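Notes follow once the structure below has been shown.
No value in this document is a laboratory result; all are computed from the given coordinates. Being a predicted model, the structure only gives us computed values, none of them experimental. Cβ placement follows ideal geometry from the backbone for every residue including glycine, while neighbour counts extend to all protein chains displayed.
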Amino acid sequence: MKKTGSAAPTGETLDDLRLRLAPKVAENAAFDGWSRRALDVTAHQTGVDGDVLALAFDGGAMAMIDAWFASIDGAMRAAFTPEALAEMKIRARITALVEARLTLMAKHREALRRAQAVLAMPQNLVRAAKLGWRTADRLWRAAGDTATDYNHYTKRAILGTVYAATLLVFVNDESDGWADTKAFLARRIDGIMRFEKAKARLAEHAEMRFDPARFLGRLRYRA
């Protein structure tokens, strides 16, 4: 098999190596699963020592999938300038960011399907939930969200669920340009936006409701 790429650059850390080669590992995982075999093929193709690569992905399939998702996070963020995102409304930002992730994963859909099977294993559910939360957090942060109250958590929980459901549609979507997946995503993001508006209205009404404690406090400490 012909080698492609190059061995690890001088001074490259294991973290750097992991992120750099994660997409190549994903490419091979489509054929060999998220396995040591996928790492060995990647090592042969890139000229990186197999033992070094195994050390970089110590932790097996979950470490490989984690690194692949992290590499997609970085590539997604790099696909947009802050100025480009600033010109979009929040709905458009989230949609564009998710669709960018889908584009990055498109050529590795079989690897994604295999990753979903690994993530669904009972022993991996906690780690899978953490990875889903991380993705949702990075999507919201890239979109400019700065919430630090309970909204921080509800936004990420809801978007994480929507993103996971979208991926399930995506891996089996044979429509032109993933039209079915995009339509599914659009409907779910509409739901998120409606929920956020409803929360805002409830918060506004809560401020307007009569609060006996606050009323008595004002009587006690009135000027």
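A compact table of results
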| read-out | value |
| --- | --- |
| As computed over the range 82-208, the Cα convex hull volume per residue (Å³) | 118 Å³ |
| Inter-label distance, nm, simple model (7 Å from Cα along the C-beta direction), F31/Q123 | 2.8 nm |
| Residue order, fewest to most surrounding Cβ atoms within 10 angstrom, among R141, R36, R114 | R141, R36, R114 |
| Pairs from K24/K107; K130/K182; K89/K155; K24/K130 whose Cα-Cα separation, in the structure shown, is over 21 Å | K130/K182; K24/K130 |
| Selected from L85, V126, W178, residue furthest toward positive end of dipole (the range 82-208; charges at beta carbon) | V126 |
